[in-house]
Amino acid sequence: MSGWRKEGYITGYQVKLNPASFGISRYKAFINLEVEPGSKKKSNFTPYIEKVHNVVECNCVTGDYSMLIEGLFVSTIELDQFIGELQHFGRTRTQIVFSTSVEHRQVTAHEAEE
């Protein structure tokens, strides 16, 4: 496995914390954001979204919306404030998560060898 790091297969190591035990994530939400092509750089969207501590992940995607943002929030008020800020960049659509059947998983070494 030490060769895997040199070859770039392993890019780092992480500790997986339980955000609820810190009291920081009572609500998980997926927010779609429509940002016009080419305006991400002009609107300073990327520097903004990188600094928002609630954002767990932000992906550029295909479809009606160009960005898919996953966030963790203490309250719906905090989520609402964040959506208000996002709407400066474009139209949004939000889904609040009730439960998660399968947590985010990483590729295992066994799968990589196959």
With N set to the number of residues, divide the alpha-carbon radius of gyration of segment 44-93 by 2.2 N^0.38 Å and report two decimals. 1.09
In nanometres, the difference between 0.36 nm per residue of separation and the alpha-carbon distance of residue 108 and residue 50 is 18.1 nm
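Pulled fully out, how much extra length does the chain show between residue 95 and residue 60, if you take 0.36 nm times their separation in residues and subtract their Cα-Cα distance? Mind dumping the intermediate values first?
Numbers: separation 35, 0.36 × 35 = 12.60 nm, distance 1.72 nm.
Full extension of this stretch gives 10.9 nm more.
Throughout, read-outs are computed from the coordinates displayed, never taken from laboratory work. All values reported here derive from a predicted model rather than from experimental measurement.
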